[in-house]
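For reference, the structure discussed in these notes is given below.
The values are calculated or read from the model by the stated rules, or taken from the named source; none is laboratory data. Source: prediction; values computed, not measured. FYI the Cβ positions are ideal-geometry reconstructions off the backbone, even for glycines, and counts take in every protein chain you see. The accessibility values were calculated without ligands, DNA or RNA, using every heavy atom of the protein model including side chains. Shrake-Rupley method; radii C 1.70, N 1.55, O 1.52, S 1.80 Å.
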Amino acid sequence: MKIKYIIIVILLASLGSIIYGFSIMETNPVIANKYIGFGTVGIFLIAMPLFLIKESKGKKVKDYMLTEENIKKMQAKKEEKPDNQ
């Protein structure tokens, strides 16, 4: 099974858990808060890191860091633009 589909399943299960938690909030607030909490944990501590790992595979971290070399590249690109744009 591809990681993409695992992420989608985790995300949908987490959103379902949050929605279910809010729907039973009136009758049983203790269990409702647990459902909402587990849904939030699923999104932010499981699905998001898996998504970031999947999307950053094969990319160089150095390209996204603010180093002297990258600052000079950005300044050079800024000077290349014509005045009318």
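Of all stretches in the chain that contain no trypsin sites (Lys or Arg not before Pro) in a DSSP loop with at most 10 other Cβ atoms within 10 Å, the longest one is 3-56. If you sort GLU26, GLU69 by accessible surface, 1.4 Å probe, largest first, the order is GLU26, GLU69.
Of the three principal axes defined by the Cα atoms of the chain, the extents in descending order read 63, 34, 23 Å.
Per-residue Karplus couplings for the range 44-54, computed as 6.51 cos²θ - 1.76 cosθ + 1.60 with θ equal to phi - 60°, are listed in order as 8, 9, 10, 5, 5, x, 4, 5, 5, 5, 5 Hz, Gly and Pro entered as x.
The string of couplings for the range 58-74 from the Karplus curve (6.51, -1.76, 1.60, θ = phi - 60°) is x, 9, 8, 5, 4, 5, 9, 8, 8, 10, 4, 4, 5, 5, 5, 4, 5 Hz, one whole number per residue in order, with x for Gly and Pro.
Accessible surface calculations at 1.4 Å, restricted to protein heavy atoms, place the chain at 88 Å² per residue.
Based on DSSP H segments of at least four residues, each scored -39500 (n - 2.57), the chain has a per-residue ellipticity at 222 nm of -21000 deg cm²/dmol.
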